[in-house]
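*Asks:* The structure's right below; bear with me while I get my questions together.
The values are calculated or read from the model by the stated rules, or taken from the named source; none is laboratory data. Every value quoted in this text rests on a predicted model; they were computed, and no experiment measured them. Note that each Cβ is placed from the backbone with ideal geometry, even for glycine, and that neighbours are counted across all protein chains shown. When the accessible area is computed, the model is the full protein with side chains, heavy atoms only, and any ligands, DNA or RNA have been set aside. Shrake-Rupley method; radii C 1.70, N 1.55, O 1.52, S 1.80 Å.
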Amino acid sequence: MTPVTHATSEDRGENHWLLRFEVHLPCAYEDLWPALSTAAGLRGWLAAADVLERRLGGAVTLRWLNTGTTVSGRVTAWDVERVVEYTVTEHGRLRFHLDPVGTDSTVIRFQAERGGTEEDRLDALAGWHHHFELLEAALHGHPADWSHWTDARWAELRGRYAAFSRT
């Protein structure tokens, strides 16, 4: 079962998009925070954090291990165990806002602001959806094995987002 229960995108004009995801995970926010805010945690589901200064204004460089894409930027929000936001080249603003649900469940309210075409929007929706599935697996002790990564799941999700966009 996918942890993504809600994903939307909003056209902000001039090839600019706001993507929103609501991700429900069966873990306490204290356990989830390191996966979003540490180099070891990010590597298990998203990217290698070659540079990660864990503070507001700190430098960040992320290298996607499935594509080789490298982006750099700054930590633009930092509220320990609640909000982390990275603003980086190419991918734009990436904001993770954690809301605890009881003691053993957390909702991530994720927003990504980025430029790009309609094709880029569909790529990003599928990519983030897939990465959130990888996050859930990493939290259950199965971090991504990037040496065996294929784009099959991403392609399936992209097809679903494309079909949904046409309806």
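*Asks:* Of the residues that sit in the range 1-23 and are of a type in the set (Val, Ile, Thr) and part of a strand (DSSP E or B), which one is surrounded by the most Cβ atoms within 10 Å (Cβ to Cβ)?
*Replies:* Checking each candidate, the answer is Val23.
*Asks:* For residues that are over 16 Å from the mean Cα position of the chain (by Cα) and in contact (Cβ under 8 Å) with a residue 60 or more places away in the chain, tally how many sit in the range 136-145.
*Replies:* Summing the residues that are over 16 Å from the mean Cα position of the chain (by Cα) and in contact (Cβ under 8 Å) with a residue 60 or more places away in the chain in the range 136-145 gives 0.
*Asks:* Can you name every residue in the range 98-153 that is under 19 Å from Ala47 (Cα atoms), crowded, with 20+ Cβ neighbours inside 10 Å and of a type in the set (Val, Ile, Thr)?
*Replies:* The one that is under 19 Å from Ala47 (Cα atoms), crowded, with 20+ Cβ neighbours inside 10 Å and of a type in the set (Val, Ile, Thr): Ile108.
Listed here are the residues, each with its yes/no results for (1) assigned to a strand (DSSP E or B); (2) out of contact with any helix residue (DSSP H, G or I) (no Cβ under 7 Å at 6 or more places or on another chain); (3) closer than 13 Å to Trp33 by Cα; (4) free of Cβ contacts under 8 Å to residues at least 12 places away in the same chain.
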residue	(1), (2), (3), (4)
Phe96	yes, no, yes, no
Gly102	no, yes, no, yes
Arg114	yes, no, no, no
Asp123	no, no, no, no
Gly127	no, no, no, no
His130	no, no, no, no
Leu134	no, yes, no, no
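*Asks:* Hey, another quick one. Within the range 140-167, which residues are of a type outside the set (D, E, K, R) and within 20 Å of His6 (Cα to Cα)?
*Replies:* Of everything in the range 140-167, those that are of a type outside the set (D, E, K, R) and within 20 Å of His6 (Cα to Cα) turn out to be Trp154, Ala155, Leu157, Gly159, Tyr161, Ala162, Ala163, Phe164, Ser165, Thr167.
*Asks:* Here is a check on your reading of the model: is Ser9 under 15 Å from Trp78 (Cβ atoms) and either small (Gly, Ala, Ser) or touching a Cys at 6+ places or on another chain (Cβ under 6 Å) (or both)?
*Replies:* no
*Asks:* Which numbered condition in (1) open to solvent by 70 Å² or more (accessible area, probe 1.4 Å); (2) within 30 Å of Ala163 (Cβ to Cβ); (3) among the aliphatic types (A, V, I, L, M) is the only one that Val80 fails?
*Replies:* Unmet condition: (2).
*Asks:* Output the residue which, of all residues in the range 39-57 that are over 14 Å from the mean Cα position of the chain (by Cα) and open to solvent by less than 40 Å² (accessible area, probe 1.4 Å), is nearest to Arg93 (Cα to Cα).
*Replies:* Gly57
*Asks:* While we're on this one: Just checking, does the range 99-107 include any residue being hydrophobic (A, V, I, L, M, F, W, C) and farther than 14 Å from Leu19 by Cα?
*Replies:* yes
*Asks:* Has the range 86-97 got any residue that is loosely packed, with under 15 Cβ neighbours inside 10 Å and of a type in the set (Ser, Thr, Tyr)?
*Replies:* Taking every residue of the range 86-97 in turn, at least one turns out to be loosely packed, with under 15 Cβ neighbours inside 10 Å and of a type in the set (Ser, Thr, Tyr).
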